[in-house]
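Asks: The structure is given below, and queries will be raised subsequently.
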Amino acid sequence: MTASAPPPGPAAMQGRAAGLVSRALAAVVDTGVVLGLGLVTLLAAGALRFMVTGPPFALPHLPPRVSSGCAAALAVGYLAGSWLTAGRTVGGRLMGLRVAGRSGRPLGPGRALLRAVLCVVFPWGLLWIPVSRYGRSLQDVIAASTVVHDWYRGPPGRDLTRSG
């Protein structure tokens, strides 16, 4: 009877393409962040209206198309801004994931925005990951991006193969 090898640790996974489960869990966390940001925005709008018009305090009631559009815009802004500035979202940070171009460099504004729009409009593109030879979602294929395991906490773009 032989013992099986232990699963690879974080150091062995560093820089490798992230799989469906870790990316889906990061997306769930990011969905929660966007919902929280939306709630804070509604509360701020209600507080502003209360300060201007007086009691009673009430949250704004928007038509479904408007609220859906605002939610989508908030999600796109959150995703694109996170990838552009830090290379990762809150969910990506918790799961140890980083979004980058295929070269490993940070995404530029255009590709970050394109990828964010694709993630919001077509989230089912994640299901392409198990089929893809390189572990990319449909959003990654279109935006020429990749998501890798990266537990480094510094700014995006640092060469992780060199020490010091």
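The values are calculated or read from the model by the stated rules, or taken from the named source; none is laboratory data. As the structure is a prediction and not an experimental result, all values here were calculated from the model. Backbone-built Cβ (ideal geometry, glycine too); neighbour counts: all protein chains shown.
Asks: Any idea which of Arg111, Arg93, Arg65 is among the basic types (Lys, Arg), closer than 21 Å to Gly125 by Cβ and not in a loop (DSSP other than H, G, I, E, B)?
Replies: Step by step, each of Arg111, Arg93, Arg65 is checked, and only Arg111 is among the basic types (Lys, Arg), closer than 21 Å to Gly125 by Cβ and not in a loop (DSSP other than H, G, I, E, B).
Asks: Quick check: anything in region 35-53 assigned to a helix (DSSP H, G or I), surrounded by 12 or more Cβ atoms within 10 Å (Cβ to Cβ) and hydroxyl-bearing (Ser, Thr, Tyr)?
Replies: yes
Asks: On to the next question. Out of the residues in region 1-29 meeting the condition of being outside any loop (DSSP other than H, G, I, E, B) and modelled with pLDDT under 70, tell me which one is surrounded by the fewest Cβ atoms within 10 Å (Cβ to Cβ).
Replies: Among those that are outside any loop (DSSP other than H, G, I, E, B) and modelled with pLDDT under 70, it is Ala11.
Asks: In region 105-116, which residues are crowded, with 17+ Cβ neighbours inside 10 Å and farther than 15 Å from Thr31 by Cβ?
Replies: Selection gives Pro106, Leu107, Arg111, Ala112, Leu113, Leu114, Arg115.
Asks: A follow-up question, please. Restricting to region 76-90, name every residue that is of a type outside the set (Val, Ile, Thr), part of a helix (DSSP H, G or I) and either out of contact with any helix residue (DSSP H, G or I) (no Cβ under 6 Å at 6 or more places or on another chain) or over 13 Å from Val147 (Cα atoms) (or both).
Replies: Gly77, Tyr78, Leu79, Ala80, Gly81, Ser82, Leu84
Asks: Sticking with this one: Scan region 118-141 for residues that are surrounded by 17 or more Cβ atoms within 10 Å (Cβ to Cβ) and in contact (Cβ under 8 Å) with a residue 24 or more places away in the chain and jot them down.
Replies: Leu118, Cys119, Val120, Leu126, Ile129, Gly135, Arg136, Ser137, Gln139, Asp140
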